[in-house]
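Reviewing the structure listed below.
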Amino acid sequence: MAVLIDGKKISTQIKDECKEKAAALKVAGTEVTLAVIQVGNDPASSVYVRNKKKACEYIGIRSLAYELPEETTETELLDLIKELNGRSDVHGILVQLPVPKHIDADKVILTIAPEKDVDGFHPMNVGALCTGEKGFVSCTPAGIIQLLKRSGVEIDGKECVVIGRSNIVGKPMSLLLLRENATVTIAHSHTAHLKEVAKRADILIAAVGKPKMINHEYIKQGAVVIDVGIHRNAENKLCGDVDFDDVEPICSAITPVPGGVGPMTIAMLMHNCLESVSLQK
Ligand code: NDP
């Protein structure tokens, strides 16, 4: 039977470490502050924003909530971001994506000051990840590295296959694995012989966005399987990109959905908020 990689437990460890750091910073005179901006009221975004605020409360990070109406113009949003960029009492700025269609998300990302970009989406931070400089790393892939390390999974020298090449998961994931000295293959919708490619993996990261697509045919015996996907099935139950029941008997370790990668994303956001204080210094 595969070992279950417990994202709930590991994310709680990280949040508790963050809590201690936030308290120490407070004693030293800095109240770490995150500005969270939501435009419109997309229900999924509202849930994410609520969870982020809750995590801030737990850790002792002050959160400033900006709930803007759907009709907010791009200029109004960019002006708010610029104002927050200039405030020395605001350490992190997060704009919940997606933004409404009349707003250009790329412009939003480019407007956030790189040293306050706790999501790690600004091209300066992506570039820093590429070249090994200091900067913010996108929270979900950073959380996956923590899951692997804190579960005792060796990454150095291993064959890693990442299925998915999005800017927020697949690409930064591949760069982080490379930084950990893995041999990395990035697969996507044009990859030929995907099953054979995936079967090379000692560590397989599924960030494909297709419910239960990854079954035993994609898995080498004894591989470690990380499931990034989050979907609701016909019975409204959460499931991932991996067919858990089919894959679990042949892998050595696997993340469940829910309770695997999901909780790590917010934990790493909190970690980035605390990092922002030293990056700004
Ligand atoms: P995207 O839709 O942006 O990217 C999906 C990637 O998968 C693309 O690169 C695409 O290839 C590739 N792909 C799609 N279909 C196939 C296929 N049949 N074979 C091979 N590759 C394929 O998704 P995200 O990266 O944003 O997210 C991936 C999953 O992770 C989603 O389920 C999302 O909900 C979840 N997620 C979970 C988070 C968490 O906190 N747990 C955070 C972020 C995302 P191509 O580039 O060629 O189109």
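For segment 139-262, what does the relative contact order come out to in percent, with C-alpha contacts under 8 Å and a separation of six or more?
Details: 265 pairs, mean separation 27.0, N = 124.
RCO, segment 139-262: 22 percent.
So which GluC sites (Glu not before Pro) in segment 99-165 pass both tests, a DSSP loop state and at most 16 other Cβ atoms within 10 Å of the Cβ? Show your work: numbers first, answer last.
Working: sites: GLU115, GLU133, GLU154, GLU159; in loops: GLU133, GLU154.
Those that pass, being in a loop and sparsely packed, are GLU133, GLU154.
Have a look at CYS251, CYS139, ILE214 and report the one farthest towards the positive end of the charge dipole of segment 139-262, computed about the Cα centre with Cβ charges (Lys/Arg +1, Asp/Glu -1).
After comparing all options, I get CYS139.
Hey, what did the chain get for relative contact order, percent, Cα under 8 Å, at least 6 apart? Intermediate results must be reported in sequence, preceding the final value.
Values: 561 pairs, mean separation 63.5, N = 281.
Once normalised by length, the contact order is 23 percent.
Tell me the angle of helix 43-59 to the major Cα principal axis of the chain, expressed in degrees between 0 and 90 and rounded to the nearest ten.
So the helix axis and the longest Cα principal axis differ by about 80 degrees.
P(r) for the chain, please, calculated from all Cα pair distances in 5 Å bins and given in %.
1, 6, 12, 16, 18, 16, 13, 10, 5, 2, 0, 0
Any chance you could give the angle, 0 to 90 degrees and rounded to 10, that helix 262-280 forms with the longest Cα principal axis of the chain?
The helix 262-280 is inclined about 50 degrees to the chain.
In the chain, what % of DSSP beta bridges are antiparallel (nearest 5)?
Values: 2 of 32 bridges.
Bridges in the chain that DSSP calls antiparallel: roughly 5 percent.
Among SER45, SER88, SER174, which one moves the most in a GNM of the chain with springs linking Cα atoms closer than 10 Å?
SER88
Quick one: dipole size for the chain, taken about the Cα centre, charges +1 on Lys/Arg Cβ and -1 on Asp/Glu Cβ, in debye to the nearest 20.
440 debye
Could you compute how much accessible surface ARG50 exposes when probed at 1.4 Å, giving the result in Å² to the nearest 10?
Here the accessible area works out near 140 Å².
Considering only HIS102, HIS190, HIS122, give the residue with the highest GNM mean-square fluctuation for the chain, with springs between Cα atoms whenever their separation is below 10 Å.
Maximum fluctuation in the GNM of the chain, among the listed residues, is at HIS190.
Given the Cα-Cα distance of GLU17 and LEU110 and 0.36 nm per residue of separation, how much length would full extension add, in nm?
30.4 nm
May I ask you to compute the full-extension gain from ILE250 to LYS237, defined as 0.36 nm times their residue separation minus their alpha-carbon distance, rounded to one decimal in nm?
Length gained between ILE250 and LYS237: 2.3 nm.
In whole percent, and with a 1.4 Å probe on the protein chains, what portion of the accessible area of segment 1-96 is carbon and sulfur? If you can, show how the numbers build up before the last one.
Working: 2750 of 5150 Å².
Carbon-and-sulfur percentage of accessible area, whole number: 53.
With the crude spin-label approximation of a point 7 Å out along Cα→Cβ, what separation in nm comes out for VAL27 versus ASN41?
Distance between label points: 4.3 nm.
What number, rounded to the nearest 500 deg cm²/dmol, is the helix-based mean residue ellipticity at 222 nm of the chain, given -39500 (n - 2.57) per DSSP H run of at least four residues and division by all its residues? Please list the in-between numbers first.
Details: 10 runs with 117 residues, N = 281.
Helix contribution divided over all residues of the chain: -13000 deg cm²/dmol.
Hey, if you put +1 on the Cβ of every Lys and Arg and -1 on every Asp and Glu Cβ in the chain, which of VAL95, ILE230, VAL153 ends up farthest toward the positive end of that dipole?
Sorting the options by dipole projection puts first VAL153.
Treating the angle as unsigned and between 0 and 90°, give the value, to the nearest 10°, between the Cα long axis of helix 170-179 and the longest Cα principal axis of the chain.
Roughly 80 degrees between the two axes.
What's the magnitude of the charge dipole for segment 79-122 around its Cα centre, counting Lys and Arg as +1 and Asp and Glu as -1 at the beta-carbon? Answer in Debye, nearest 20.
Working: 5 positive and 8 negative charges, 19 e Å.
So the dipole magnitude of segment 79-122 works out to roughly 80 debye.
Post the alpha-carbon centroid distance, segment 40-113 to segment 234-267, in whole angstrom.
Result: 29 Å between the Cα centres.
Among THR265, THR140, THR191, whose mean-square fluctuation peaks in a Gaussian network model of the chain (Cα, cutoff 10 Å)?
Checking each option, the largest mean-square fluctuation is seen for THR191.
The values are calculated or read from the model by the stated rules, or taken from the named source; none is laboratory data. Keep in mind that this is a model prediction, so the values were computed, not measured. No Cβ is skipped: glycine too gets one built from the backbone with ideal geometry, and neighbour counts run over all protein chains shown. Quick note on the areas: whole protein, heavy atoms, side chains included, nothing else; ligands and nucleic acids left out. Shrake-Rupley method; radii C 1.70, N 1.55, O 1.52, S 1.80 Å.
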